[in-house]
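Contents: one structure, followed by commentary.
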Amino acid sequence: MPKKKQRSRKSQKASSSGSRRPAQEKAVLLYHDMAVYENFERCARRVFEVLRNAERQMPGKPRHLFLRVQGHRNDAGGFDHDAMEIIRNFAMEFLLPYLTRLTTPFHTLGNNHPQRNDVPEELQISYPDDSGDPENPNAGAGFWYDVDLLPLRPRGSTENDRKTAPKLAAIADYLGMDPACLVCWGTPVERAHAVPSSLGGSMDVRNFALLCPDHHRQAPDIADAEAFWAWVDYAEIRDSGSKWNGAAPDVQEWVRAHGGRTEPKDRGEMEFLAAVRFELQHLYGWADADFEGMSWDLLQEYHQVLDAATGRHFGVEKKVATHAWAYHIARRRLAKRRGETGPMPSDHPWTGIWPVP
């Protein structure tokens with residue numbers, strides 16, 4: 001057969017010349033930049049989806065993953081807990097067996113064993129026990145928002161002597177991007193607190209996002225920085241079509257061919273309660289049955305959360321994102337108090353499900 005003869009000639013040529021090596025199979029290059037708004041769970045699921053899709057589309061091909069990180073700095077200037085968990089525990093321990101090579105912000109690693117191609121269909125993520133361990137009282141601390149105390153939950157320390165907000169350039173440098181809105185990539189941009197100063201948020205650069213005026217007016221004013229960043233992540237996908245307004249037609253066609261949206265979706269006429277419901281469904285994962293269970297007790301809890309852990313920005317009384325968060329935390333408070341045996345409504349359920357309708 002011609003193909004056998006062709007292979008035979010190549011092998012003879014290779015063996016007769018010690019200066020030539022057999023051609024190596026080209027690797028599939030995978031890339032993910034852990035955005036500042038991604039926590040461990042959202043980042044891990046997205047990287048895993050990239051890996052799984054690569055195996056489905058190009059089974060058995062060598063894979064090389066490049067992993068980068070935006071922001072996610074701790075008090076000492078190194079990477080924070082989420083970034084370190086992604087790099088060391090998830091990428092180096094879980095993913096590397098399914099790769100030929102891995103590049104992280106620290107180093108490039110080769111797989112010392114043959115690349116595995118039996119990529120699981122689903123990624124299962126478990127969390128440390130938050131109930132408390134006498135020998136390790138900090139086990140699991142920080143994974144869930146404390147709905148009993150409604151405390152300030154910053155990302156990183158708030159012990160900061162800075163009295164004024166950092167410059168736009170400093171925030172952009174921390175985020176690893178040009179000054180542009182994290183949601184729609186638009187300009188001009190404004191400095192948006194993850195936790196408002198009125199609720200105890202600091203002037204540390206880690207407590208700021210860059211948002212255009214429109215998305216700044218929409219962003220939640222709440223005491224939970226991780227929930228703020230989850231909202232930014234959600235809004236970035238929800239309003240993804242607005243990024244491509246000025247793009248060339250061939251770029252827009254490529255985005256649509258890969259399942260993206262290239263036209264902004266106007267929800268400006270949506271009534272307030274309908275908009276809150278939409279956010280509870282698509283950001284916090286509420287089902288129809290959850291709305292049917294609305295009660296006077298839930299309303300009481302909702303108002304307690306509003307009073308204790310939310311603020312107002314731009315003088316806006318009815319800010320959809322703030323009120324949706326308050327409803328969700330109120331539901332978690334009731335579920336915990338009643339000792340409900342079903343799954344506890346998650347503190348940050350948003351994992352980047354695409355698309356948002």
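Compared with the rule-of-thumb size 2.2 N^0.38 Å for a compact globular protein, the range 62-112 has a Cα radius of gyration ratio of 1.16. For Leu102, neighbours were defined as the other residues whose beta-carbon sits under 14 Å from its Cβ, and their charges (Lys and Arg +1, Asp and Glu -1) total +4. Under conditions of 25 °C and 0.890 mPa s, the range 20-83 yields 181 µm² s⁻¹ as its translational diffusion coefficient, taking Rh as the Kirkwood radius over Cα pairs in the Stokes-Einstein equation.
Legend: Rg and Dmax of the range 162-248, from Cα coordinates, 12.7, 44 Å. Based on Cα contacts under 8 Å between residues 6+ apart, the range 181-326 shows a relative contact order of 27 percent.
In plain terms, the C-alpha convex hull of the range 158-312 casts an average shadow of 11.3 nm² when viewed from every direction. Under the classification rounded if a/c is under 1.5, otherwise prolate if a/b is larger than b/c and oblate if not, where does the range 205-291 fall, given a ≥ b ≥ c as square roots of the Cα gyration tensor eigenvalues? Oblate, because a/c is 1.5 or more while a/b does not exceed b/c. Extension gain, Asn53 to His107, is 17.0 nm, computed as 0.36 nm per intervening residue step minus the present C-alpha separation.
Taking Lys and Arg as +1 and Asp and Glu as -1, the other residues whose beta-carbon sits under 12 Å from that of Gly201 total +2.
Over 32 Å apart at the Cα level, from the set Lys61/Lys265; Lys243/Lys319; Lys167/Lys319, are Lys61/Lys265.
Subtracting the Cα-Cα distance of Glu317 and Asp33 from their residue separation scaled by 0.36 nm leaves 98.7 nm. Computed from the Cβ-Cβ distance with R0 of 22 Å, the FRET efficiency linking Asp75 to Arg162 stands at 0.95.
Straight-line cross-link partners of Lys163 among the aspartates and glutamates, defined as a Cα under 16 Å from its Cα and at least 8 positions apart when in the same chain: Asp204. Using only alpha carbons, the range 245-344 has a radius of gyration to Kirkwood radius ratio (Rg to Rh) of 1.12.
Under a Cβ-Cβ cut-off of 13 Å, what is the net charge of the residues other than Leu334 that fall near it, where Lys and Arg count +1 and Asp and Glu count -1? Taking every other residue near Leu334 into account, the sum is +1.
Give me the percent of the accessible area of the range 178-337 that comes from carbon and sulfur atoms, probe 1.4 Å, all protein chains in place. Carbon plus sulfur share of accessible area: 51 percent.
The values are calculated or read from the model by the stated rules, or taken from the named source; none is laboratory data. Nothing here was measured: the structure is a model prediction, and the numbers come from that model. Every residue, glycine as well, gets a Cβ built from its backbone with ideal geometry; the counts of neighbours run over all protein chains shown. We work out accessible area using only protein heavy atoms, side chains counted, and drop any ligands, DNA or RNA first. Shrake-Rupley method; radii C 1.70, N 1.55, O 1.52, S 1.80 Å.
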